[in-house]
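The values are calculated or read from the model by the stated rules, or taken from the named source; none is laboratory data. None of the values given here were measured: they were computed from a predicted structure. Here Cβ is always computed from backbone atoms with ideal geometry, including for glycine, and neighbour counts include all displayed protein chains.
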Amino acid sequence: MNIVAQQLGSAAFREAHGVKYAYVAGAMYKAIASRELVVRMARARLLAFYGTGGLTLARIADDLDFIARALPDGASFGANLLCDPANPGAEDALVELLLAHGVRRVEAAAYTQVTPALVRYRLRGLSAGADGAVAIAHHVLAKVSRPEVAQRFLAPAPPELVRRLLDAGQVSAVQAQLAGAVPMADDICVEADSGGHTDQGVALVLLPAILRLRDGAAASRVRVGAAGGLGAPEALAAAFILGADFVLTGSVNQCSPEAGMADVVKDLLQTMEVQDTAIAPAGDMFEMGAKVRVLRKGLLFPARANQLYELYRQHRALEDIAPAVLARLESQVFKRSIAEVWAETAAWLGAAHPEALALALREPKARMAQVFKWYFVHSARLARAGSPEQRADYQVHCGPALGAFNQWVRGSALEDWRARHVERIAEALMDGAAQVLTARFAALAAQAPLPGAID
């Protein structure tokens, strides 16, 4: 039996998205999953999601216009939709922008609950088909790492949210009536330990658990895919054997010519091994202790970020920290005085989040958190720009999958990241997975039955 890449995963996934492989290039924040990446994938009949996280609406609108001009009508692509519990207005505004630009696919990330904005996007794409079936124009791929969150996307939109949107005139009566007939997602991506924000889940445990949830749900037609750790053909093959309808990659695409990351960072990423990542605090959810997986090789960011979190956890205010420790932070980490850091932070908060500024002025611990969070913003900015300043402080979200990919392609045409165009990465991984499965099944078929085995 000869397995080919086009057979892997769900035929329904390929048909629904008009793609040749059950494969997705996932969104990466600040347009690391760039407009060029999305266009290149779509032209190869592959699905990718543009990384909207951390961008202004004006930048997102400009990039969506670029994508629309570069692709023919009907080409498959999507955009990231991030949950923002602290600022639901930003989520509402992004949904409004996506609707205005006719974006028909979103990758819903960081959701623990279904929100009104996400429900509005989903329902605004519903209509009654000529055959009586519900037509779905707005497709949701939900990234989840917990079964209870998956359950919410397997279910229809919460009736109370539908009523609220109907009363506000944000969905039509027909759309509200149809809401109960469709689940919140067409596709659920089970995200195991991966680059960036991570619950450090184990794919071998999570994927079967959520597949069982799906199979026991009324919305059994929802497709379930896998992400996290997918950097070598054997990993993709394992995901498909477990029952994944599709696979979603992230870290491997960051080391490509199309990725919106500095060349100097790609040079670092190209040399990493599977052991060259670390867990660090997440700057955007610093106070909650959330974690991200980042590149460690040649960088001091993980150690310094963890030091800042420990100082935050152990002290009530900056003034409680030993003067010698504060001096080291200023000279070695911030490379400027804490007063300068606070002045820059306060100016930004005053313009963007005045309520957070008021809290920081009122609560010393909140002020300390904002000062420390400046380092996370600064370190990410340094990496994206490839600044020679503070190179050791680059914050680069990355999982060990890229180390596995580097090892696999060493000595081949894909060793140099400049040759790793995103569609070539996809084709190499999918073809490789098909070859792995062909070889494994042939080896199993060739084995003699064990003594006493039942024929």
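Data table
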| item | result |
| --- | --- |
| Residue list for the range 384-402, restricted to those being small (Gly, Ala, Ser), buried (at least 24 other Cβ atoms within 10 Å of the Cβ) and more than 18 Å from the chain's Cα centre (by Cα) | none |
| Residue tally, condition over 13 Å from Ala110 (Cα atoms) and touching a His at 6+ places or on another chain (Cβ under 9 Å), over the range 68-97 | 5 |
| Answer from Gly132, Gly180 - the residue that is on the phi > 0 side of the Ramachandran plot, among the small types (Gly, Ala, Ser) and surrounded by fewer than 23 Cβ atoms within 10 Å (Cβ to Cβ) | Gly132 |
| Any hit, the range 69-78, residues being assigned to a helix (DSSP H, G or I), aliphatic (A, V, I, L, M) and assigned by TED's automatic domain parsing to the domain that holds Ala25 | yes |
| Within the range 124-176, strands (runs of 3 or more DSSP E) holding 3 or more residues that are among the aliphatic types (A, V, I, L, M) and in the same structural domain as Ala12 (by TED's automatic domain parsing) | 134-136, 139-144 |
| First in the range 360-372 and in the same structural domain as Met288 (by TED's automatic domain parsing), second anywhere and not in a helix (DSSP H, G or I), Cβ under 6 Å, 6 or more apart | Pro364/Ala317; Lys365/Arg316; Met368/Ala317 |
| Residue that is buried (at least 20 other Cβ atoms within 10 Å of the Cβ) and either at pLDDT below 95 or polar (S, T, N, Q) (or both), where the choices are Thr271, Thr277 | Thr277 |
| Leading residue by the ranking (surrounded by the most Cβ atoms within 10 Å (Cβ to Cβ)) among those in the range 83-96 that are without any contact (Cβ under 8 Å) to a residue 40 or more places away in the chain and not acidic (Asp, Glu) | Val95 |
| Residues (closer than 24 Å to Arg120 by Cα and part of a strand (DSSP E or B)) located in the range 177-207 | Asp187, Ile188, Cys189, Val190 |
